[in-house]
Structures are given as C-alpha cells and as structure tokens.
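The values are calculated or read from the model by the stated rules, or taken from the named source; none is laboratory data. Because the structure is a prediction, the values reported are computed rather than measured. Counting neighbours? That spans all protein chains shown, and the Cβs are built from the backbone with ideal geometry, glycine included.
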Amino acid sequence: MALTDLVLQQLVNGLVLGSFYALVALGYTMVFGVVKLLNFAHGEVYMVGGFAGFVVLSVVSGALGSGWTAVAFSMVLAMIGVGFLGVVIQRIAYQPMLSAPRLSILITALAVSLVLQNSILGATGGRYVPFGADLGFGGINLGNLFISHNQIILVGTAGVLMLSLELFISRTQYGRAMRAVSIDKDMCRLMGIDVNRVIAVTFFLGSGLAAAAGTMAGAYYGSLWYFMGFLIGLKAFTAAVIGGIGSIPGAMLGGLILGLLESFGTMIPGVGSAWKDVFSFSILILVLVFKPTGLLGKSEQERM
Amino acid sequence: MIERSPVHSPLGRLQGVWDNPAYRWPLIFGLLALMVVAPHVLGPYATVILTNALLYVVLALGLNVVVGYAGLLDLGYAAFFAVGAYTIGIVHHVYGLDFWLTLPIAVLAAAGAGIIIGSPTLRLRSDYLAIVTLGFGEIVRFSARNLSITGGASGISGIERPWIFGWEMRSSMDFYYVFCVLAVLAVIASLRLADSRLGRAWLYVRHDEDAAEAMGIDRVKVKLAAYVIGAIYGSIAGAFFAVNLGAISPESFSFQQSVLILMAVILGGMGKVPGVILGAFIVILAPELLRDVGELRLLVFAAGLLLIMLFRPKGIWPSQGR
C-alpha cells in the first residue's frame, strides 16, 4: 500500500475516533460552560450509555432485528434514559455542593464515577459484554482505500447530532437561556430565567450525547466493558481542552483534531499503538501548560 | 445543615480522649505496645494484612500532605509509589546497587518527577490539576508496561531483600516491624510538618489563596513543596513495597490504587493524622471483614465517600479548630 493510501486510511480512522471524542467532549464543555465545573463522571456516563443501548437492543432485537434500525432505536432510548441519569447525578451530587470548596465537589464527582463504574463491574463481573449488533461488513472501495458503511453512518450520525445541538443552542429559547446562564448566573435569575432548570437541561443534553457515543461505540467495536469510560473520558476531556473548554464548536474541532492526531501518531516510528495513550496524555499536559484556553476558548482570568 | 457537637457521639468522645494531653502519652505507648505484640497474638495471616495496612498508612499520610494540607487533588499518586518501587527494581535488582544506596536515588527520582510534573501545572485551576495528575499517573503506568527496562507487563521479580547491620529482612514478621518503623516515622514527620512554618503556609493557601499571596506566601512554591514531599513519602513506601513483595508489576500502580489511597485520606478526615491512619486501616481491613462484598468493595467505599462528602464533609475523624 502506498503511503498516500495509508495516510487516507488513517484519515478515515481518525475521523471515526474523532467523532466519538467530539460527542463526549461536548458534554464536558457544555457543563463547564454553564456551571464552571468539570464533570468527572462524564466518561462513566458514556460507559453506562453503552450498556443502556445494549439492554434496549437485547430487548428489541426480537422485533427489530439487530441491524442499524435496531441500533438507532436503542441509541435514542439510551440517550433519553441516560440523559435523565445525568440530571439525577447533577441533583444528588453536584447541586448540594455548589457552594462548598472546589475540592469537595471534585471528590463527589469522583465518587459518582466510581459508583457508576463499580455498579457495572458488579453487574457484568468485569467481563467484556458482546454488544450483539449485526451491522455487516459492506463498504466502498476507492482505489486501495476502503470505507465501510458503518464508518459512514457513524460519522454521519455524529455530524447530525452535533448540528442539531448547534441549532438547539443558537435557535431555541432554552439554547439562548443556556448561553445567558454561562455568562452570568445571578443576572439570569434576576431576569426570571429558571437557572436550575437550564442546568438540568445542560446535563440532560451532555449525558444524552455521551450515551449516543457509547451506544455507537458498542455497535461499532462489538463489545462493552465496565472500564471503557475511563480512557475515553480522559481523552474527550483532552479534546475539550484542545478546542477550548466552554466552547461548543471547540469541542467538535478538538475531538476531530485529537482523533486525527492519535491515528497519525501511531504512524510515527517509535510511537506505535503501545504508546498511543501516552501520546494523547502528553498532548493534554502540553496544551494545558502552554495554551490552557485552547484553540477557540476565551481567555479566563480566574483564580481558583 | 446543623452541626452536632462532636463531643456527644462515641467517636467524639474518643477524639476527646485523644486530644486530652493527660491521656495522650499513655495512649501512644499503649498503641505502640499493641503494634509490637499484635503479630505474635494474631498469627501470620493477620501480620501480612497489618503490614499492608501500615504501607497504606505511609502512602495515605503522604497523599494527605498534598490533599489535606495543601488542598490539591492528586489523582495519580500511585505514580510516585511506582517511581520508588521501580527505582529499586531497576537500580538495586538489575544493576545490583545496595538497597540503602538506592533508597536516596529513589527519593531523588520521585522528587524530580514531582518537580517536573508539578512546576508547570500547579499554576492551573485545581480541577485541571486533578486531570493532569490523573494523566501523569497513566503515563507512568503505560511507560512501565511498554519499556523493556521495567520488564514490560510482567514487571520485575526476584528483587533481593535488604540487609541492615548484618541482618537480612526476610520473613513477613521482619517486614511487619520495618513497616511499623516507617509508619511511626511518617506520623512524626506529618505532625511536625503540620506545625511547621510550611504547614501554616499550606493552611493559609488552602483557605484563601489570594490573601495568602498578599501576605507574601509564594503559592506556587508552597504547593510545589507539598507535592514534592508527598512524592517522597510515596517513593519510600514504594521502595519498601518492592523489597517486601520481591516482585512488582505495572498493575500495582493503577488508577484504582491512587483512588484507594485517596479514599483512605478522605474517609478518615483530610488533614488530621489520626483520621488518615484510621482511613488507611478502614480501606485495608474493611474488605477483610466484609468478605461477601469482595469485588464490590470499591462500590461500597465510593458510596461511602459520596455520603461522607454530602453529610460529613470533614471526614469520620475531622481536624478541629483548623
């Protein structure tokens, strides 16, 4: 295979990976924008989303089969269910802590993520769970380049979800309220905006998008694991930081950049797939040290 | 939330006994005597568990300097534990340098790692710092797994036991007493640190960073000191952990390990030495007592952590008046 083909193939892989990162990164960035809080449990929400999709799929596979229709149906139900889980997490673990020291809220967030992770560990016994979707292996050949139908559908779905989010935030009343709350919470209260409701909607949307990514990842890679949210949570956070945390286009851009960096990183001699994760964490640390506002983020003069 | 006076609960009374200077020294000598006779009374299995608990006392006290004293959330503390253990594994086992000469190298390596990772990141927001430490912990573990000098995924085994004054530390009983000494030293160091000039600077920075800086405290320097001191505790614990087990592998230094140490610090009560010791014993002894829980011990701890943060945010044995 010629080098250009290899590059193009990695480009496709990077886009697929980047779509997952972008969907999860959106949740980090939305929550951060609205409540200035890093939702540590977000990676685990993605993982629970995958398992929720799996449960729905195994219920409906009798009626709908296990192709893309069934997966799409499971994805939508998982998004709704896990969206409410996000709201519950916010109400139980974050809402009471908003006025507490920052260290306390970080610890409750960590505790929530451990509760989610270990509940699934208990339910699955720590084993990989086959997702059970049957998506076929068809695809398009462009010269030496092969793009599977699944990759196209996946990137397309992620694109549609992100576009709808963008429209929701720019066109609807809730979207306007979200933007307003992210600028000045107290002023919003004075203007009669139900801030708690807006925060709940934010958690709902962020968690829903993570669940969509979780279900699609389950369908695409074929199996689920209780620990799968840990790495992707870290990497999606990296993506959010690269794009500029708090910025929604930034999260999408950051996700794609990280996906591409990672898939091209494996081509660098000496990096390889064994060092892939070290590579992404090093990017995270470098970005945080040299450009903590990211590519599209606003500079923030805030001391914690 | 109404705060109940701690004196009326049983634990509050226990704390009262501890805080009363008339009882303190007899209590300390009683505890030390208990530590000396415990392995003879309880048998070999309990000795191994107690050794493990004492290891966690050292680790938790080290992390307590970072989290409890300086108020920084470190989610990758196991990295320093790993640096200590692997320095022993490589320099002492592979290159054959004496254990006692390797120990200072391990301490220097961990302090160096603390400075390298801490100095650029301690200026960041505290939640960014938490994520960076998490990433650093994972980088260390992945590197240990991928490098050939660290023995890859299977790690390093057959690490020689150290000699001191012509005596070889060999049996589990020997190591129990070694860890007793380490834990006692760690306790003394922690108590002295809390009362030192640096300890007061941490207290100030933890409560109000801007005011502290206005009073002439260099917050980055003070935080870095906490980070490096925590790293030193971790590396010493790691060094003795390596010679005790004789074998180390990357999975001993996973994220779960960091979390378990953090739980010991928070469950017992951040910042107060007896609380942290209690936390370390809870983390190690609870799974022994709750055999049925088994795999789910982290779930139980995590739920406990959440409840404690919501209802008793200062821990089971909180520090008073600080």
Could you check, for region B:152-172, whether at least one of its residues is within 14 Å of another protein chain (Cβ to nearest Cβ) and closer than 19 Å to B:I261 by Cβ? no
Out of the residues in region A:211-248 meeting the condition of being of a type in the set (S, T, Y) and crowded, with 24+ Cβ neighbours inside 10 Å, tell me which one is modelled with the highest pLDDT. A:T215
Taking A:F73, is it aromatic (F, W, Y) and either more than 24 Å from B:G135 (Cβ to Cβ) or at pLDDT 95 or above (or both)? yes
Checked region A:158-190 for anything touching a Gly at 6+ places or on another chain (Cβ under 6 Å) and touching a residue at least 60 places away in the same chain (Cβ under 8 Å); matches are A:I169, A:S182
Within region B:177-213, the residues that are small (G, A, S) and in a helix (DSSP H, G or I) are B:A183, B:A186, B:A189, B:S190, B:A194, B:G199, B:A201, B:A211, B:A212
Residue by residue through region B:223-250, note down the ones that are touching a strand residue (DSSP E or B) at 6+ places or on another chain (Cβ under 7 Å) and not in a helix (DSSP H, G or I). B:G246, B:A247, B:I248
Of the conditions (1) of a type outside the set (D, E); (2) closer than 27 Å to A:I245 by Cα; (3) part of a helix (DSSP H, G or I), A:A52 satisfies every one except a single condition; which number is it? (2)
Can you tell me which residue in region A:82-96 is nearest to the other protein chains (Cβ to nearest Cβ), limited to those that are among the hydrophobic types (A, V, I, L, M, F, W, C) and free of Cβ contacts under 8 Å to residues at least 60 places away in the same chain? A:A93
Every residue from region B:118-131 that is free of Cβ contacts under 8 Å to residues at least 40 places away in the same chain and not hydroxyl-bearing (S, T, Y): B:P120, B:L124, B:R125
A:I285 vs. criteria out of contact with any strand residue (DSSP E or B) (no Cβ under 7 Å at 6 or more places or on another chain), without any contact (Cβ under 8 Å) to a residue 40 or more places away in the chain, within 14 Å of chain B (Cβ to nearest Cβ) and closer than 19 Å to A:F40 by Cα: yes
Does A:S99 qualify as being without any contact (Cβ under 8 Å) to a residue 12 or more places away in the chain, within 14 Å of chain B (Cβ to nearest Cβ), part of a loop (DSSP other than H, G, I, E, B) and at negative phi? yes
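Matching residues to (1) within 14 Å of another protein chain (Cβ to nearest Cβ); (2) in a helix (DSSP H, G or I); (3) within 16 Å of the chain's Cα centre (by Cα); (4) farther than 24 Å from B:Y128 by Cβ:
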| residue | (1), (2), (3), (4) |
| --- | --- |
| A:L205 | no, yes, yes, no |
| A:L209 | no, yes, yes, no |
| A:G214 | no, yes, yes, yes |
| A:G229 | yes, yes, yes, no |
| A:F237 | yes, yes, yes, no |
| A:I242 | yes, yes, yes, no |
| A:G255 | no, yes, yes, no |
| A:F281 | yes, yes, no, no |
Just wondering, is there one or more residues in region A:107-130 that are modelled with pLDDT under 95, part of a helix (DSSP H, G or I) and either touching a Pro at 6+ places or on another chain (Cβ under 6 Å) or more than 14 Å from chain B (Cβ to nearest Cβ) (or both)? no
What about A:M79, is it within 17 Å of the chain's Cα centre (by Cα) and either more than 14 Å from chain B (Cβ to nearest Cβ) or modelled with pLDDT of 90 or more (or both)? yes
For region A:175-188, state whether one or more residues are within 14 Å of chain B (Cβ to nearest Cβ), more than 23 Å from the chain's Cα centre (by Cα), farther than 18 Å from A:A219 by Cα and among the basic types (K, R). no
Those residues of region B:249-307 which are basic (K, R) and touching a residue at least 60 places away in the same chain (Cβ under 8 Å) amount to B:K272
